[in-house]
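Here the structure is laid out as structure tokens; the discussion comes afterwards.
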Amino acid sequence: MSKGEQTRQAIIEKAAPLFNQRGFAGCSMADIMEATGLEKGGLYRHFSSKEELAAEVFRYAMQTAFDARLGDLPEGDAITKLRLMVERFVAIPSPLPGGCPLLNTAIDTDDGNPILLTLVKDALAKWKSRIRRIVQQGIDDGQITRSADPQSVANLIISTLEGALMITRLEGNRRALHDAQSSLESLLTMLAAKPAARLRKQNRRRPSHVK
């Protein structure tokens, strides 16, 4: 990484907490100058505008939060993966001051800033897609009941967790997050295919010459 790339990355990392806590409108270039120790000209050598910097900060913030809370899941069945995803979200706080960058930026951009709004939608779509793939694989493997709809499961898990996170921040305690985890645990228990159904699925996949 060149010196210029290192400086650019350092700016992103130092600006990330500011944007995440104050929002796009509430974070000024003067705030960023103070945090980075750079003059305005130094910032604009690496970013053409505040909008470009905010976009890069969001990408960095989302990747950081995603890696910490929803990163690589160990090998295992689909229900185990979904359960672990929920547990990590509840147990591991956002690594960035200010909380979840997805929730913060979604609220911050609901009345403008089309670039950030597009990035938020893309980040949400990525999370949904990951859950849908896990659910569909679970259905295909006979681990999740065939009546489950992957899109509905993804919407329910994400909306429950993000809604509980918002309540937790407003009330200053983690009761809503724990309630959300309990409710989602009940959902995952209902989604799990019955043992007999799993056995039938396995038998259908077994080669005909195997006894």
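The values are calculated or read from the model by the stated rules, or taken from the named source; none is laboratory data. Please read these numbers as outputs of a predicted model, since none were measured by experiment. Positions of Cβ are generated from backbone atoms using ideal geometry, with glycine treated the same way; all protein chains shown enter the neighbour counts.
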Can you list residue pairs whose Cβ atoms sit under 9 Å apart, with the first residue in the stretch 1-14 being within 14 Å of Ala55 (Cα to Cα) and the second being basic (Lys, Arg) and in a helix (DSSP H, G or I)? Count only pairs 6 or more apart in sequence or on different chains.
Ile12/Arg59
Would you tally the residues in the stretch 74-89 being more than 12 Å from the chain's Cα centre (by Cα) and either surrounded by 16 or more Cβ atoms within 10 Å (Cβ to Cβ) or within 14 Å of Leu184 (Cα to Cα) (or both)?
9
Restricting attention to helices (runs of 4 or more DSSP H) lying wholly within the stretch 1-74, give those where 1 or more residues are β-branched (Val, Ile, Thr).
3-26, 29-36, 50-70
Scanning the stretch 157-173 for residues that are part of a helix (DSSP H, G or I) and among the small types (Gly, Ala, Ser), the one nearest to Asp77 (Cα to Cα) turns out to be Ser159
Note: among Ala176, Ala196, Ala180, Ala154, just one is modelled with pLDDT under 95 and assigned to a helix (DSSP H, G or I), namely Ala196
Of the residues in the stretch 100-110, those that are in a loop (DSSP other than H, G, I, E, B), of a type outside the set (Asp, Glu) and over 12 Å from the mean Cα position of the chain (by Cα) come to Thr109
Check on Arg69, at pLDDT below 90, surrounded by 15 or more Cβ atoms within 10 Å (Cβ to Cβ), within 18 Å of Ala180 (Cβ to Cβ) and of a type outside the set (A, V, I, L, M)
yes
Take the residues in the stretch 111-154 that are within 25 Å of Tyr60 (Cβ to Cβ) and surrounded by 19 or more Cβ atoms within 10 Å (Cβ to Cβ); name whichever of them is farthest from the chain's Cα centre (by Cα).
Asn113
Quick count over the stretch 75-84, residues being modelled with pLDDT under 95 and either within 22 Å of Met166 (Cβ to Cβ) or part of a loop (DSSP other than H, G, I, E, B) (or both), is 3
Give the number of residues within the stretch 43-65 that are crowded, with 16+ Cβ neighbours inside 10 Å and free of Cβ contacts under 8 Å to residues at least 12 places away in the same chain.
0
Does the stretch 15-42 hold any residues that are more than 22 Å from Thr118 (Cα to Cα), crowded, with 18+ Cβ neighbours inside 10 Å and not β-branched (Val, Ile, Thr), and which are they?
Leu38
